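Below is one structure, written out as structure tokens, with a few remarks after it.
The values are calculated or read from the model by the stated rules, or taken from the named source; none is laboratory data. This structure is a prediction, so every number in the text was calculated from the model and none was measured. Glycine gets a Cβ as well: all are built from the backbone with ideal geometry, and neighbour counts include every protein chain shown. SASA here: full protein model, heavy atoms, side chains in, ligands and nucleic acids out. Shrake-Rupley method; radii C 1.70, N 1.55, O 1.52, S 1.80 Å.
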Amino acid sequence: MSLNYEEMSWSDVRDQFRKWREENTRHSEEVVQLWVAVLEDKVHKTGNERHLILEQVIIAALDTARFDIATQCTKQLAVEFPGSLRVMKFKAMRYEALEQYDEADEVLDAIIAKDETNAAPRKRKIAILKARGRRVETIKELNEYLKKFMSDQEAWHELCNLYLAEGEYGKAAFCMEEVLLHNPHSHLIHQRLAEIRYTMGGVENVESARTYYSQALKLNPRNLRALYGMYLSCNFLANSRAVSSKRKELQKLASWALEQVAEQTTKQSTIKNNDKLILSLEAALGNLEIKSN
């Protein structure tokens, strides 16, 4: 975005900042440049919006590593609101940006001591553990957090990713099931859970994966990953002795899924005459099987 700072008055900058806040966009570099060039010396004229502007500038300054500006604006807010939890949050964010994690933890602990129902500082403490590479401690703290805030979907999703990184697929699947309870109509969550179950292997898990892939396709028939997964699941089960009675049905489903993949790939591909590539893809998918024990 190109802005002519020299032609903008303080009221123009105020209006521009307000527009960005309403659009929920950051434009951090532009905010810092406009602050330094125009608004810094005239922020007192902005009236009731002054505190919102200061907070906006603090976030932008941290994004652009202008810690001097962030410190200056935070001090202005601290003078007017001593002991404010909101101001303490900005102090903790500054420590995080400077990678002074121990100091950030102390501020966050102080916020939690004043307001135990505040979820944000607890999540920041978990984020700090993750930034430090302490994955096991992060999982432990996230489990403790979810005992108090069980409806936090983002936390369940994050815990799922952490368990996947640790190879704990069963626990990851449990977390994803919790997310699914909150979003039963999301084809992406059904697909994600199916992929975890397929990775776990075994007839029972692959059968479960096929069910989730089917639901993902019911919600979004154009989901290519779900179609690939459906093909692989059916192909595995068709070659398993445990479900030999369903072999013809599974082979039929696998063929259907592969046909849908080829059809959608042809429609969406920008490559001309890609039949050979599709045949190669079919051959490659035909060799992707999980061997049952």
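Quick look at the numbers
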| read-out | value |
| --- | --- |
| Residues satisfying the stated conditions in the range 103-118, i.e. among the polar types (S, T, N, Q) and open to solvent by less than 80 Å² (accessible area, probe 1.4 Å) | N118 |
| Positions within the range 126-143 being open to solvent by 50 Å² or more (accessible area, probe 1.4 Å) and closer than 18 Å to E106 by Cβ, in sequence order | A131, R132, R134, E137, E141 |
| All positions within the range 236-262 that are β-branched (V, I, T) and either farther than 18 Å from E204 by Cα or touching a strand residue (DSSP E or B) at 6+ places or on another chain (Cβ under 8 Å) (or both) | V261 |
| Residues satisfying the stated conditions in the range 1-11, i.e. crowded, with 16+ Cβ neighbours inside 10 Å and assigned to a helix (DSSP H, G or I) | W10 |
| From R225, R241, residue being open to solvent by 10 Å² or more (accessible area, probe 1.4 Å) and touching a Ser or Thr at 6+ places or on another chain (Cβ under 8 Å) | R241 |
| Hits in the range 15-29 - residues which are in a helix (DSSP H, G or I) and either in contact with a Gly (Cβ under 9 Å, 6 or more places away or on another chain) or open to solvent by 70 Å² or more (accessible area, probe 1.4 Å) (or both) | R18, K19, E22, E29 |
| Residue in the range 79-98 that is part of a loop (DSSP other than H, G, I, E, B), surrounded by fewer than 20 Cβ atoms within 10 Å (Cβ to Cβ), aliphatic (A, V, I, L, M) and not assigned by the TED database to the domain that holds Q33 present | yes |
| Helices (runs of 4 or more DSSP H) completely within the range 165-245 that count 3 or more residues being more than 17 Å from L258 (Cα to Cα) | 169-182, 187-200, 203-219 |
| Residue among F174, F149 that is surrounded by fewer than 19 Cβ atoms within 10 Å (Cβ to Cβ), closer than 25 Å to L219 by Cα and not hydroxyl-bearing (S, T, Y) | F174 |
| Residue, nearest to Q72 (Cα to Cα), within the range 32-41, restricted to residues that are at pLDDT 90 or above and open to solvent by 30 Å² or more (accessible area, probe 1.4 Å) | V36 |
